[in-house]
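Following: one structure in structure tokens, then a few remarks.
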Amino acid sequence: MYFDNAANAPLNMKAFKETYQIAQHLYNANSIHQHGTQTKEHLHWCEGEILNFFNTQDRIVHFTKGATHANNMMILGQRRHQGNIIISAYEHSSVLGPIAYLQSKNIEIRICPSGEDGKICLDSFKKLIDDQTFFISICACESELGIQQDIYALGKIAKQINPNLIFHSDITQAVGKITLNLESIDAFSFSGHKFGSMKGIGALIIKKNIRLVPSQFGSSVNPGTAPIELIDNMARCLIDCKTTDIEYINKMNRTIRANLKACSNILINSPIDACPSILNISILNHKSAQTVNLLNRHSISVSSQSACSRQAYSRVIYGMYRSKKRATTSIRISLSDNHCHEKINLLIKQIRRISA
């Protein structure tokens, strides 16, 4: 039983089969012969479907290997090298890494305070922005607890104070799981494998007025032959995301919470208004890895942290609750609308048994 969708969603076989059927007709979109021209037309179709999904038609799509590639491309592609950058306390490591590099080049990094629920404090956020702020990166949905940020409101506020800054959001964990308004966002990034696409494809979508410094050199900001088969597959998976039953996922989340909240050795870490597909709990009488292994013996897969994390304990949970015990005993359950009630009940039963 797979409950680690936030790390990697199962392959969307319907979309995979559709891509497989068309793959033999896809060539190099840069070629000027008829096969290349037809492939380029199909690439434009994919771009159109992706932009339509996010309701951001008048933008540029840069296809990448995934969100890590996209985040690095966006952050390290900034043309300005003086001033300050604002981030939240709960950014993914693929944002923190390039941000730390810019900090080493004497760019000031400002971390926005959050409330007890993990939400950014709007008054504090406003005070951090000035005429020297040139870039802001706030994730739409944090990957361990599922903390949601109102990126539309934050982007709007930021632009009112400084219209010249660039507002970026890593929306990887939000795609197909929560409703997004990206109107006030200048750039956003995501990975396809989080919503059923094949691995190795993602995108950075930016407004047309943004100019990035290339991190590689070739024919464009992101040079190389477009992986059209992967792009096609991601576009088809996004189309399928429109039918995701978010209310059903919400119901499963509430069921698990209701059945675990009375257990004396269990603490629920995810805020009540977190993204419903992510539910983080701490089983206080077992270390995280031990709980993962105990559940694995019953063919139940959960994670101890974000799949990209290499820390001994959760930085995010420690930051939220200031409890090392809570941070070293946490597990993340990530749900999809493919989970049946029987699997949910078995998950609850095994967690309660382990915590007893």
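Using the structure shown, decide if residue 153 is aliphatic (A, V, I, L, M), part of a helix (DSSP H, G or I), touching a Phe, Trp or Tyr at 6+ places or on another chain (Cβ under 6 Å) and in contact (Cβ under 8 Å) with a residue 12 or more places away in the chain. No, not satisfied. In region 66-86, the condition of being crowded, with 16+ Cβ neighbours inside 10 Å, at positive phi and in contact with a Pro (Cβ under 7 Å, 6 or more places away or on another chain) is met by no residue. Search region 106-138 for residues being closer than 13 Å to residue 75 by Cα and either of a type in the set (Ser, Thr, Tyr) or in a loop (DSSP other than H, G, I, E, B) (or both), and hand back the single one that is farthest from the chain's Cα centre (by Cα). That would be 107. Residues in region 87-108 that are touching a strand residue (DSSP E or B) at 6+ places or on another chain (Cβ under 7 Å) and within 25 Å of residue 222 (Cβ to Cβ) were compared, and the one that is surrounded by the fewest Cβ atoms within 10 Å (Cβ to Cβ) is 103.
The listed residues are 79, 59, and the only one of them that is more than 19 Å from the chain's Cα centre (by Cα), under 26 Å from residue 236 (Cβ atoms) and of a type in the set (Lys, Arg) turns out to be 59. The residues listed here are 306, 282, 299; of these, the one that is at pLDDT below 95 and hydroxyl-bearing (Ser, Thr, Tyr) is 306. Of the candidates 253, 265, 280, 259, the single residue that is under 19 Å from residue 140 (Cβ atoms), touching a residue at least 60 places away in the same chain (Cβ under 8 Å) and touching a helix residue (DSSP H, G or I) at 6+ places or on another chain (Cβ under 9 Å) is 280.
The values are calculated or read from the model by the stated rules, or taken from the named source; none is laboratory data. Computed from a prediction, not measured in an experiment: that's the story for all the values here. Cβ sites come from the backbone with ideal geometry, for glycine too, and all protein chains shown count toward neighbours.
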